[in-house]
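Trainee: Can you keep this structure in mind? I'll have questions shortly.
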Amino acid sequence: MITLTINEREITLDKPMSVLDAAKKAGIKIPTLCHHEALKPYGGCRLCVVEVERMPKLQNACTLMAADGMVVTTESEEISRTRRGILEFLLINHPLDCPYCDKAGECELQDLVNKYGPTTGRYTEEKRKVPESHKDHILARNMERCVVCTRCVRMCNDVQGASAINVIGRGNRSRVEPFSSESFNCEYCGNCLTVCPVGAILSRLYIHSFRPWQIDKEVETVCSYCGVGCSLVVQVRDESIKRVIPRMGSGVNRGLLCSRGRFGYEYIHSEDRLRTPLVRKNGTLQQATWSEALDVVAAKLSAVKNAEGGASIAGIASPRCTNEDNYVFQRFMRTACGTNNIDSLSRTGFAAAQKYFEGLLGQGITANLLDGLKNSETILVLGDDPAAVNPVLGLSIREAARRGADVIVIGYAKGLEKFHTLQVIPRVFREAEVIEEILTGVFSDRGVRGDMPYVDKGLRELSGRISGKKTGIEGIDETVKTLLKSASTSIVLGMDIVQRSDGHRALFAVAGLTYLLEARLYLLSGRPNEQGLIDTGCVPDMLPGGRPVNVPDFRGKFEAVWKASVPDSEGLTLMEIIEGARNRSIKALYVMGDNPVRNIPGGSIVKEALGALDFLVVQDIFLSETAEMADVVLPALGWTEKAGTYTNLERRIQLLRKAVETSSGMEDWRILSELSRKMGVPANYSESEDVMRELARVSPLHRDLTYEEIAAGDALWPYNGEPLRGEMYEVPAIVDAARDYNADFYLAVDKPLFHSGTLSRRSRALMKICPEAAVRMGEAGAARLGLKEGDRVRLSTSAGSCEAPVSIDGTIRDNRVFLSGNFPGSGVYDLMNFSIDTVTKAPGTEGCEVKIEKIEGRG
Amino acid sequence: MFNDTVLKEIEGIKAKYPDRRSALLPSLYIAQREFGWLSQEAMTCVARSLNLPEAVVRGTASFYSMYKHRPAGRHVIQLCTNISCMILGAERLVDFLETRYGVPANGTSGDGRFSLVIMECIGACGTAPAMLVNTDFYDNLSEKRIEEILENYK
């Protein structure tokens, strides 16, 4: 216990802290400028000076640790004079352009000068002149206003870990610049904007477009981009989002954001938004009224159901839609349409992996708090780059690395290049054999664990099968050694290695490691509600709350509430639905909020399948490539236009709030309940909370959850319900599809930091940062073809071809070339064929040979 | 990127310190030697060979005034014009360098042969005027002697 006196008040502290924090705890405000709660104490500006008895000079409150018996005074004539002096120095070179500066009104320097003076300047010399730089698309720099508190630099180096900016020069010529001195060319997290106390770094998205005091409303909500579910604040003026900012210390992100979350919001106000329902007449989509469109859908779906049976209808739900939307979607499909053929594009990765792990190790095995990452001794990263797929989760890995954790990357993770302690590079598309070898190494030391006999049996079999067969790949032994001595291990799994025709091999190996090491398992999730989609029952085999659909007792409970019957057999998974449409056993398809034509491997096959349907309904906020093929298109509401909940990858349920009013579109759940009513199964909800009330009643995983509880941040797994045990009783037979991949180049799916699906291409800011798909390839491959950065090439595979510029990435050292699927025109999925993993039903994307030819004359 | 000999030299420097950041200043000197000055490319090479962020390299380099932040001639002449040298005619020598070799004070000659830096005392007041050519020291300078000396720096 430390007891000290601040301003004649006695304060008792239960743990060591600085005088500044002690004062804050007691509600005493000490002015600061270089200090920021997200950063370490710096002691640079000296505005927080205080008097301490028996200390000869004024002391910095931020760097002085509180000690027992200390007597501190935070305001006095001498302190005020000192602060005034410091501020006068800071203003010497400051342009005092507050009337013109965007920061005015929320500027910390302005507030301090208001409080402590000086009211007039004595300085008569020429001021330092640095022109404002607008050479970056996103961030404007005005170094005349900069007070060199270095908060942005410390944020960029010590927290974000991007190290894109630094103080350049020295003395009064010090300024903050990116390496190139012009474009930032960084991760564009914008966290430097959060911490800049003055108007030195500004966002060009909203520069000069409003004043901080002109904001009509501030709404706290959750980001719509990925499975981390960062809390953020949306500031709105005239029903238009002016900016997105974080709230320090709140949410899973603790005030940090990434480029997509901070700058990607503009799609909501895109010109391309669907405004009215569209119905196909004489071969073209034409505007229609809501009642007309809904009548067509209800009549057509009923006709297909009556003629061909519910099993000929299928539904694709969306990991971008809320729990409420998805719950009503599966209820509509199961009851009104009479089908369990419900799946989502999450089957291409997350849902497939999640089902495998939960089936084997029990429900909730992937529900681990993000904080666990920071506190791990060892982190094993597989499959994808966490810093690109789930950027804020990636920051936790970087933080762990800074604290001395071992970060082992199997494969490539560009965003961890400066943070990993060991990188193991498997042979191309053959990650499974490396993980299996690591697993058998751990198993031979640890032996059977005994909790789950069938997993132990699987481990024994695996270890027998591969014993003595070493891959000879460097780093495996060291990985095993590190894992064995680690007391707290986390495994971060990206979905790339799930997308193999023997993806289940890698999944079993990861499950085995999780089991033997009692590791925390995190599944990277590129969409905001992949977990919620599964929990609310948008899977072919499970009802809401993870209850198997083929168990009559479970089914009966839902049928009683829904007052309708539910088919008793498991439905088709995503790729089976596509195959079903192609061979005409599926006649009608309902797609909610996703774009399968662009987002599934084998784009041309998907197109052919959808073209063969009798009836296709698409519910979306844009006329996507899939919607263009639909018979009826129904405009939905987007993020910030409706309330609801998302479940993030750590299985925390979070509340989304409505921030803007819009005249076009309806909530997805409202459209579906209207249709359900028209098809004879009433679903009466007047607001999204009604849906949650029903979900909380029927789903054991959501039992008794209320919006109040969710809003308070208490909706953490396992909520109030009891999870089920694993459903697999033995390890599914392992198919070994390993072969050598020796062609010149193979195509692989790129998951860029700045884009997400086909949604982000309508965000102007993200399109400025990353305007076009580039083929990312290694130096050796590029040299072999004589390619330079920016050269245009034609990529051809057996499925198609496209053109793209080359981007050379020194971190790639195998024969894969990476292309994303985020842009209009041809993307990576259009150029791919796929095979299906018989266990997980995920599409395998390995082994897609690609020919690369330079296009001469341009580039 | 640096050639293998230079990379080996930098590896040698790295091996001396527990933290690779400590090798930054000596590596910058090597880059300056290889590229003539600290261009963006030179700093990128240093950043890559030490696995440090480019911005950190530039931030550090820009703090020190004795790195070359602009392209310089093949040979850098540093001439003192402080009191002793000035009294003994250093300013005349500045004019001579400009008329004879076309190198202005604090500038570079058109042929790229010399750069001239006017510097403060180099501690040779007893034998003034004095100058450094690259790292070689010369004193008791006159126009004639400068001509003889610079013959060796083509």
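Trainee: Let me confirm one metric for peptide B:60-66, namely the mean number of other chain beta-carbon atoms within 10 Å of its residues' beta-carbons.
Mentor: Mean partner-chain Cβ count within 10 Å for B:60-66: 3.
Trainee: So, R0 is 45 Å and r is the distance between the beta-carbons of A:Phe89 and A:Thr706; what FRET efficiency does that work out to, to 0.05?
Mentor: The value I calculate is 0.25.
Trainee: For each of A:Met542, A:Met728, count neighbouring Cβ atoms within 10 Å of the residue's Cβ, then give the residues from fewest to most.
Mentor: Lowest to highest Cβ neighbour count: A:Met728, A:Met542.
Trainee: A further question follows. Rounded to the nearest 0.05, what FRET efficiency is calculated for A:Arg697 and A:Glu220 with R0 set to 30 Å and r the Cβ-Cβ distance?
Mentor: With a Förster radius of 30 Å, E is 0.65.
Trainee: Tell me, in nm to one decimal, what length is gained between A:Ser663 and A:Arg173 on full extension, where the rule is 0.36 nm per residue of separation less the Cα-Cα distance?
Mentor: Full extension from A:Ser663 to A:Arg173 adds 171.2 nm.
Trainee: List the pair-distance distribution P(r) of the range A:85-221, using every Cα-Cα distance, as the percent of pairs falling in each 10 Å bin from 0 up to the bin containing the longest distance, rounded to whole percents.
Mentor: Each 10 Å bin holds this share of Cα pairs: 11, 41, 35, 12, 1.
Trainee: Here's a follow-up. Could you work out the local net charge near A:Asn648, counting Lys and Arg as +1, Asp and Glu as -1, over the other residues with Cβ closer than 12 Å to its Cβ?
Mentor: Result for the local shell: 0.
Trainee: On to the next question. Between A:Glu559 and A:Lys851, what length comes free when the chain is fully extended (0.36 nm per residue of separation minus the Cα-Cα distance, one decimal in nm)? Display every interim value, and only then the final one.
Mentor: Details: separation 292, 0.36 × 292 = 105.12 nm, distance 5.38 nm.
Extra length from A:Glu559 to A:Lys851 when fully extended: 99.7 nm.
Trainee: What list of ³J(HN,Hα) values in whole Hz, one per residue of the range A:737-750 in order, does the Karplus curve 6.51 cos²θ - 1.76 cosθ + 1.60 (θ = phi - 60°) give from phi, with Gly and Pro shown as x?
Mentor: Per residue, the Karplus-derived 3J(HN,Hα) values read 9, 5, 8, 8, 10, 10, 5, 4, 9, 10, 8, 9, 7, 8 Hz.
Trainee: Diagonalise the Cα gyration tensor of the protein assembly as shown and give the resulting equivalent ellipsoid semi-axes, square root of 5 times each eigenvalue, largest first, whole Å.
Mentor: Details: eigenvalues 638, 245, 173 Å².
The three semi-axes for the protein assembly as shown are 56, 35, 29 Å.
Trainee: Distance in nm between label sites at A:Glu727 and A:Lys281, each 7 Å beyond Cα in the beta-carbon direction?
Mentor: Roughly 4.5 nm, to one decimal.
Trainee: For the range A:249-333, rounded, prolate or oblate, judged on the Cα gyration tensor with a ≥ b ≥ c (square roots of eigenvalues), a/c < 1.5 rounded, else prolate if a/b > b/c?
Mentor: Verdict is oblate for the range A:249-333.
Trainee: Compute the label zone of A:Tyr454 within the range A:733-750: residues whose backbone N is under 12 Å from the point 7 Å along Cα-to-Cβ.
Mentor: Residues A:733 fall inside that zone.
Trainee: Ranked from highest to lowest mean number of other Cβ atoms within 10 Å per residue, what is the order of the peptides A:199-212, A:334-347, A:180-193, A:72-85?
Mentor: The most tightly packed comes first, giving A:334-347, A:180-193, A:199-212, A:72-85.
Trainee: Let me ask you something else. How far apart, in nm, are the 7 Å Cα→Cβ label points at A:Asp97 and A:Asp238?
Mentor: 2.4
Trainee: Only loop residues by DSSP count here, and only those with at most 10 other Cβ atoms within 10 Å; note down the GluC sites (Glu not before Pro) in the range A:828-859 that meet that. Mind dumping the intermediate values first?
Mentor: Values: sites: A:Glu846, A:Glu849, A:Glu853, A:Glu856; in loops: A:Glu846, A:Glu856.
Within the range A:828-859, the qualifying GluC sites (Glu not before Pro) (loop, at most 10 other Cβ atoms within 10 Å) are A:Glu856.
Trainee: May I pose another question? Nearest 10 degrees is fine. How inclined is helix A:552-562 to the longest principal axis of chain A, computing both from alpha carbons?
Mentor: Here the helix axis deviates by roughly 70 degrees.
Trainee: Now for a different question. When you take every Cα atom in the range A:580-637, what is the radius of gyration, and what is Dmax, the widest Cα pair distance, in Å?
Mentor: 10.6, 33
Trainee: Would you work out the charge dipole size for the protein assembly as shown about its Cα centre, treating the Cβ of every Lys and Arg as +1 and the Cβ of every Asp and Glu as -1, and quote it to the nearest 20 debye?
Mentor: Computed about the Cα centre, the dipole is about 1060 debye.
Trainee: I need two numbers for chain B: Rg to one decimal and Dmax as a whole number, Cα atoms only, in Å.
Mentor: Spelled out, the Cα radius of gyration and Dmax of chain B are 17.9, 51 Å.
Trainee: In nm, give the distance between the simple-model label positions of A:Met17 and A:Trp213, each being 7 Å from the Cα along the Cα-to-Cβ direction.
Mentor: 3.2
Trainee: Then there's this: For the range A:746-859, what mean projected area does the convex hull of the alpha carbons give, in nm²?
Mentor: About 7.7 nm², averaged over all directions.
Trainee: Moving on. Among A:His35, A:His137, B:His69, which comes first, then next, by fewest other beta-carbon atoms within 10 Å?
Mentor: Exposure proxy ranking, most exposed first: B:His69, A:His137, A:His35.
Trainee: Something else: Contour minus end-to-end for A:Asp111 and A:Arg784, with contour as 0.36 nm per residue of separation and end-to-end as the Cα-Cα distance? Present the calculation step by step, with values, prior to reporting the outcome.
Mentor: Details: separation 673, 0.36 × 673 = 242.28 nm, distance 5.94 nm.
Additional length available on full extension: 236.3 nm.
Trainee: I've got another one for you. Between A:Ala26 and A:Lys127, what is the FRET efficiency for a Förster distance of 56 Å, r being their Cβ-Cβ separation, to the nearest 0.05?
Mentor: 0.90
Trainee: Taking only the Cα atoms of the range B:75-150, how large is their convex hull per residue, in Å³?
Mentor: Looking at the range B:75-150, the number lands at 71 Å³ per residue.
Trainee: Within a 10 angstrom radius of the beta carbon, how do B:Leu52, A:Leu139 rank from fewest other beta carbons to most?
Mentor: Exposure proxy ranking, most exposed first: B:Leu52, A:Leu139.
Trainee: Please work out whether the range B:4-63 counts as rounded, prolate or oblate from its C-alpha gyration tensor, where a ≥ b ≥ c are the square roots of the eigenvalues and a/c under 1.5 means rounded, while otherwise a/b larger than b/c means prolate and anything else oblate?
Mentor: Here the range B:4-63 falls in the oblate category.
Trainee: Does the range A:655-767 come out rounded, prolate or oblate, given a ≥ b ≥ c as the square roots of the eigenvalues of its C-alpha gyration tensor, rounded meaning a/c under 1.5 and, failing that, prolate meaning a/b above b/c? Before the final figure, lay out the partial values.
Mentor: Numbers: a/c = 2.04, a/b = 1.34, b/c = 1.52.
Oblate, because a/c is 1.5 or more while a/b does not exceed b/c.
Trainee: Over all residues in A:179-189, what is the mean tally of Cβ atoms on other chains that come within 10 Å of each residue's Cβ?
Mentor: 2
Trainee: OK, next. So what's the range A:51-154 giving for Cα Rg divided by 2.2 N^0.38 Å, two decimals?
Mentor: 1.34
Trainee: Let me ask something else about it. From the alpha carbon gyration tensor of the range A:1-108, can you work out the equivalent ellipsoid semi-axes (sqrt of 5 times each eigenvalue) and give them in Å, largest to smallest? Write down the numbers at each step before the final one.
Mentor: Values: eigenvalues 159, 49, 26 Å².
In descending order, the three semi-axes are 28, 16, 11 Å.
Trainee: Hey, another quick one. Give the Debye-formula value of log10 I(q)/I(0) at each listed q (0.11, 0.16, 0.18 Å⁻¹), with one equal scatterer per alpha carbon of the range A:350-523, two decimals each.
Mentor: Those come out to -0.40, -0.90, -1.17, one per q.
Trainee: Let me ask you something else. Over all residues in A:155-166, what is the mean tally of Cβ atoms on other chains that come within 10 Å of each residue's Cβ?
Mentor: Mean number of neighbouring Cβ atoms from other chains: 3.
Bear in mind that the values in this text are calculations on the coordinates, not laboratory data. Source: prediction; values computed, not measured. Please note: Cβ atoms are built from the backbone with ideal geometry, for glycine as well, and neighbour counts cover all protein chains shown.
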